Amino acid sequence: MRTRMTLILFVVISLLVGCTSNESSSSEKDVTLTWLVRSDPVVMKWHEKMIEEFEKENKNIKVKLQVIPTEEYDQRVQTMIASGNIPDVWSSNWGIAGFATYHSLGALLDLSPFVKSDPNVTDGIKSELLDLYTVDGKLYGIPMQSIGSFLFYNKELFDKEGVEYPPVDWDDKSWDWDKFIKVASELTENSGDVSNQTFGVMNNLSANRQTWLFGGDFFNEKAYKTGEVGEPEILTNPLNQKAIQANVDLIHKYKVSPNPSQVEAVSALGDPFMSGRVAMTFTGGWGLWTYQPAEFEWGVAALPYNEGRKVPLYVDPWNISAKTKYPEEAWKFVKFITDPQGGAKSFMETTSAPPAQIELEDEWYAMMSKKLNIPTEDLQKLNDGVSKYGRGADNHLITKFSTIRTTMDQTMTSVYSGKKTVEEGLKEFDKNLRSLDLN
């Protein structure tokens, strides 16, 4: 009898343990996260790799990729926000509107509680990068990359004219605006013949970022901290007129840079720098990988020296939607794709983008030196200069910047075309900006 009772008790306990075990294993419910990305064929391979590897480690979490073209990013994302159908994980900086705009819409989740539990996620990221996405002590984004702005140049055109390459040292004061104009003039060929002309330079920076190169700014310092335009400094900062006039002179006085209609003409065969129609170009550090297919050897240098010069810094974060139903799972995914020994390293290797994580910098220098045939020490000098003189991009930090940018571009196009003087253009932009509803 005792043996029989023992056997029955053993069976009951086994059943209870089995039930408990099943309940425990099923407590992690199946979840599907939506990951919004841009349509970039190079980065798409990384997206797919991340999903495959993450789902292997997290059997109960599926990640659905949602892909939209860059040019539709702001419109589509803002429609999603309005409809309450925002993806779980995305980046706020992939359109003209940026972080400040989406934070003001209440679309971003405060990540501070997660970082407090997992401090290693941000330990290796420079504080100045994290500060860009910190509002009132709360962190809303984890930086994935930190891209500066540079001067890219066609070595073959420099060699042809016997012109010395520009320096990589941002503090080389001999590489000033006057020297830059002289070099651009020496590289310009067939002036006046648009179909055959090689321009010395093309400046791809927006008007406000052009003023930064001379120490100017259309907006006050507070605007970059609060996100609100406040009182603009378009007319009150004299360096703004100096900077815009300097760029207008490149077009109309020295004739070393294309006007808006000429830009269309030299762009007929694709990117003017890639087609050899432009000897130098000012642009973001994405040129380090987008120019790799060029059929000529090119180099990268510091932008011309001016007292008070600042250069645009493009730091893209991963964000989580404030309305996600699965914050824990979304955070787990963000941790996975920003792991310096996993997702972040793979992202760097796939895109060639400079990493936000300090521990990956040496690997990035070695990788890019081999890819571009540029000495490691030169790449380090270039990046050190960006750290010293870089500032977060205006569209990332000021709200409703897509509207501001459209207004700015409309006015400045008239200035660059020679239809308006610099003074007239700045006055018109100031008037138009003040008429906008930016509240």
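Results, tabulated for the structure shown:
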| quantity | calculated |
| --- | --- |
| Among (1) modelled with pLDDT under 95; (2) assigned to a loop (DSSP other than H, G, I, E, B); (3) at negative phi - the single one Glu128 does not satisfy | (2) |
| Qualifying residues in region 80-93 (those that are modelled with pLDDT of 95 or more and hydroxyl-bearing (Ser, Thr, Tyr)) - the one surrounded by the most Cβ atoms within 10 Å (Cβ to Cβ) | Ser92 |
| Residue check, Ser91 within 21 Å of the chain's Cα centre (by Cα), over 18 Å from Pro143 (Cβ atoms) and touching a residue at least 12 places away in the same chain (Cβ under 8 Å) | no |
| Index of the failed condition, Thr226 passing every other in (1) among the β-branched types (Val, Ile, Thr); (2) buried (at least 19 other Cβ atoms within 10 Å of the Cβ); (3) more than 21 Å from Asn432 (Cα to Cα) | (2) |
| Complete set of residues in region 360-396 that are in a helix (DSSP H, G or I), farther than 23 Å from Phe347 by Cβ and not aromatic (Phe, Trp, Tyr) | Glu377, Asp378, Lys381, Gly385, Lys388, Asp394 |
| For Leu288: the one exception among (1) within 30 Å of Gly215 (Cβ to Cβ); (2) in contact (Cβ under 8 Å) with a residue 60 or more places away in the chain; (3) surrounded by fewer than 19 Cβ atoms within 10 Å (Cβ to Cβ) | (3) |
| Odd one out for Gly385, checked against (1) farther than 30 Å from Gly299 by Cβ; (2) surrounded by 14 or more Cβ atoms within 10 Å (Cβ to Cβ) | (1) |
| Residue match in region 48-60 (condition: among the charged types (D, E, K, R), on the phi < 0 side of the Ramachandran plot and modelled with pLDDT under 95) | no |
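This table checks each residue for (1) in contact with a Ser or Thr (Cβ under 8 Å, 6 or more places away or on another chain); (2) in a loop (DSSP other than H, G, I, E, B).
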residue: Lys59; (1), (2): no, yes
residue: Gln66; (1), (2): yes, no
residue: Met80; (1), (2): no, no
residue: Asn85; (1), (2): no, yes
residue: Asn93; (1), (2): no, yes
residue: Ala100; (1), (2): yes, no
residue: Val115; (1), (2): yes, no
residue: Thr122; (1), (2): no, no
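The values are calculated or read from the model by the stated rules, or taken from the named source; none is laboratory data. Every value quoted in this text rests on a predicted model; they were computed, and no experiment measured them. Cβ sites come from the backbone with ideal geometry, for glycine too, and all protein chains shown count toward neighbours.
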